[in-house]
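First comes the structure, then the notes that go with it.
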Amino acid sequence: MSSHAADVLAPPIAARSPTAESVARFLDNRLAVASAIVVIAIVLLAIGAPWIGPHDPNEADLLRRLQPPVWLEGGEWSFALGCDALGRDILSRLMYGARVSIAIGVIVILFATAFGVATGLAAGYLRGRIDTLISRLVDILLGFPYLIFAIGLMAMMGPGLHNVAITLIAKEWVVPCRLVRGETLAAREMEYVEAARALGVGRLGIMLHEILPNILSPVIVVATIRLAHVIILEASLSFLGLGVQPPTASWGSMVADGREFMLDAWWVSTFAGLAILTLVLAINVASQGLRDAFDPRFHD
Amino acid sequence: MGTVVDRLLQLVTVLLGVTVIVFVMITLTPGDPVEIMLGDMKAAPEQAEALRRDMGLDRPPVERFFRFIGNAVQGNFGLSFFHRRPVIDVIAERLPATIELTLAALVLALAISIPLGALAAVQKGGALDRAATIGALLGVSMPGFWFGILLIMLFAVQLGVLPVSGRIGYGDEVPALTGLLTIDTLLAGRFDSFAQALRHLALPSLTLALPMAAPLMRVTRASMLEVLRSDYVMFAEAKGLSRRRVLWRHALKNALMPAVTIAALETGSLLGGNMIVESVFGWPGLGRLVVESIFARNYPLVQAAVLLYAVTYVLLNLLADLAYTLLNPKVRL
């Protein structure tokens, strides 16, 4: 409870704060902590790619076409995970591909959450016409299956990194918006909000300083769960050729590139597929741990 | 009853909104449809202009929108640039393959998730429960396109037991009655062809079913756990009914409702998933056609297909809501 009114109403006993208790609960969940470490490691590899990546991800060398990984005959340490059909280093492309997946995931979730929270707060607290307008727009966007909407919009805007992000944000914001609207509807009837109103706090002040801090933890938990979903969607669009365009490395397009060589050179698409699975699985496990730790409904 | 009418009115608003978005998407898509349609043909400017007038592209956007709605209601979405045939005919040709794949995935997802979810709840904390939980996590984390490729590698290439792509063996002609090959082959009494159709359906439907089965299993497990803790189950056991009878006749029946609702809602997500799966398995359905049409800039087809998918999705969600209300009188829409 970080709000002013809540502070006034808080019991005087100096116990461990709910946030500290939730963090301790999360740290007790070893699998979730291990998964969080995997996510952090992949993020660090992605950030450090230009410095620690062994090769330029787009440097083609046809003499190394479909060169196998180091543990297979013909492999060598300088190209540890082998090369693709154009002789590009797979490890370097994986590291640069991680930048795309993580960047798109984080950007989409940040913008979608910010927009969704703002619209959800406005709809839930102000009610009336604003609520009707926002809720109808949410209903309409929910009327599209995710990938169909993304494909329709990508057809309009053309492929590319920015357009993938815009497309996914345009659909993703409805998730936090619905959540925040529901939470705000419940919160606006709470005593601490009434207390703030009685103290003369304005509508914007109540929304930002009273309600928002108290509904933030489910928003963060849902954002981490959705991050995994967005990463798979970006990979799916890139796999279909609608996402990030060549020669930029992305995990989805690497799986697509290697598809026709699966018989002779399984490593071209297998490592990229494994990379997506590892990152998404780690985010899912870590976010479940976060949910269990921070959402009181899951405490038993 | 009034709430159902309200829900239907809301549906009209949503459908109108969806139509506006699809229209705007296609109108703002770069490229002149007339040029795309003429392709490499050397048409005189007057001919191009005549075609533009024919297609109504010289009219203001608002007029074009109402004309689009009027035509859409009659199933007229114009000509497919690529096939040079009415879009609706091309879609009708491909739709049965997509419906068959979606239904097969739905059946498979239910067949995997409901028994597994119920068993996991009954043996809570046991080996099966843990395996099912890990399986569900892998299911939601696995990118469908990669899972499909792995299945092809294992079952089609390494083991050679299932086909890589297509719907039925080459040269297997079956009279088309429903367009669903598994049903048509049975109706024609061609059991060999039926087996062929099933073998072709196995891998794509499993790929499509996996992301749906995972959440469905978790919901079944959770609702079964809740039911098992309820008073009436305890009462039934106290009355001396056998554990098996209590579990399968009483508990599962009540635990199924949330699972059925989630299944209806998730069927919509299968519609999106089948674009990926059809592309991986060369399945000649609507999903693959839409992806191909985007690259061919065959916009009338993309427009019609996106609208069709969205309308189906909205109607499925409505049916899920209504089914939930009918099954559970305590819930009001």
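Values quoted throughout were computed directly from the atomic coordinates according to the rules given, and no laboratory measurement underlies them. This is a predicted model, so every value here is computed, not measured. Neighbour counts are summed over all protein chains in view; Cβ atoms, including those assigned to glycine, are modelled from backbone coordinates with ideal geometry.
Taking GluC sites (Glu not before Pro) as candidate sites, keep only those in a DSSP loop with at most 10 other Cβ atoms within 10 Å, then name the longest stretch of chain A containing none of them. Longest gap between qualifying sites, sites excluded: A:74-188.
Neighbouring Cβ atoms from other chains, within 10 Å of the Cβ of residues in A:260-269, number 2 on average. Peptide A:278-285 is shielded by partner chain Cβ atoms: per residue, an average of 3 of them sit within 10 Å of its Cβ. Working note: Cα gyration tensor of the protein assembly as shown, eigenvalues times five, square-rooted, sorted largest first, giving semi-axes of 39, 32, 30 Å. Mean partner shielding of peptide B:293-301, defined as the number of other chain Cβ atoms within 10 Å of each residue Cβ, is 2.
Stretching the chain fully between B:SER230 and B:ARG84 yields a gain of 46.4 nm (0.36 nm per residue, less the alpha carbon separation).
With each pseudo-label sitting 7 Å past Cα toward Cβ, what's the A:VAL33-A:ALA85 distance in nm, one decimal? Each label point is offset 7 Å from its Cα along the Cβ direction, giving 4.6 nm. The longest part of chain B holding none of the exposed loop trypsin sites (Lys or Arg not before Pro), meaning those outside H, G, I, E and B in DSSP with at most 10 other Cβ atoms within 10 Å, is B:85-228.
Between B:PHE295 and B:LYS239, residue separation times 0.36 nm minus the direct Cα-Cα distance comes to 13.6 nm. Electrostatic bookkeeping for B:ARG190 treats Lys and Arg as +1 and Asp and Glu as -1; over the other residues with beta carbon under 11 Å from its beta carbon, the sum is -4. Using the Cβ-Cβ distance between A:ILE47 and B:LEU177 with R0 set to 51 Å, the FRET efficiency works out to roughly 0.30. Here the simple spin-label model places points 7 Å from the Cα toward Cβ, and for B:GLN10 and B:ASN76 these points are separated by 3.5 nm. The aspartates and glutamates within cross-link reach of A:LYS171, meaning a Cα-to-Cα straight distance under 15 Å and a gap of 8 or more places when in the same chain, are A:ASP139, A:GLU234. Centre-to-centre separation between the Cα atoms of segment B:225-260 and those of segment A:243-295: 41 Å.
Charges were assigned to the Cβ only: +1 to each Lys and Arg, -1 to each Asp and Glu. The resulting dipole of segment B:122-217 about its Cα centre is roughly 320 debye.
Exposure proxy for A:PHE111, B:PHE81: other Cβ atoms within 10 Å of each Cβ, ordered fewest to most, give A:PHE111, B:PHE81.
Pop a pseudo-label 7 angstrom from the Cα along the beta-carbon direction at both B:ILE36 and A:GLU76 and give the gap in nm to one decimal. The answer from the label model is 4.7 nm. Listed by Cβ neighbour count within 10 Å, with the fewest neighbours leading, B:MET142, A:MET190, B:MET41, A:MET157 appear as B:MET41, A:MET190, A:MET157, B:MET142.
The calculated 222 nm mean residue ellipticity attributable to helices in the protein assembly as shown amounts to -23500 deg cm²/dmol, summing -39500 (n - 2.57) over DSSP H runs of n ≥ 4 and dividing by all residues. Placing a label point 7 Å from the Cα of B:GLU93 along the Cα-to-Cβ direction, the residues of segment B:141-169 whose backbone N falls under 20 Å from that point are B:166-169. Sorting B:THR312, B:THR178, A:THR167 from the fewest to the most surrounding beta carbons within 10 angstrom yields B:THR178, B:THR312, A:THR167.
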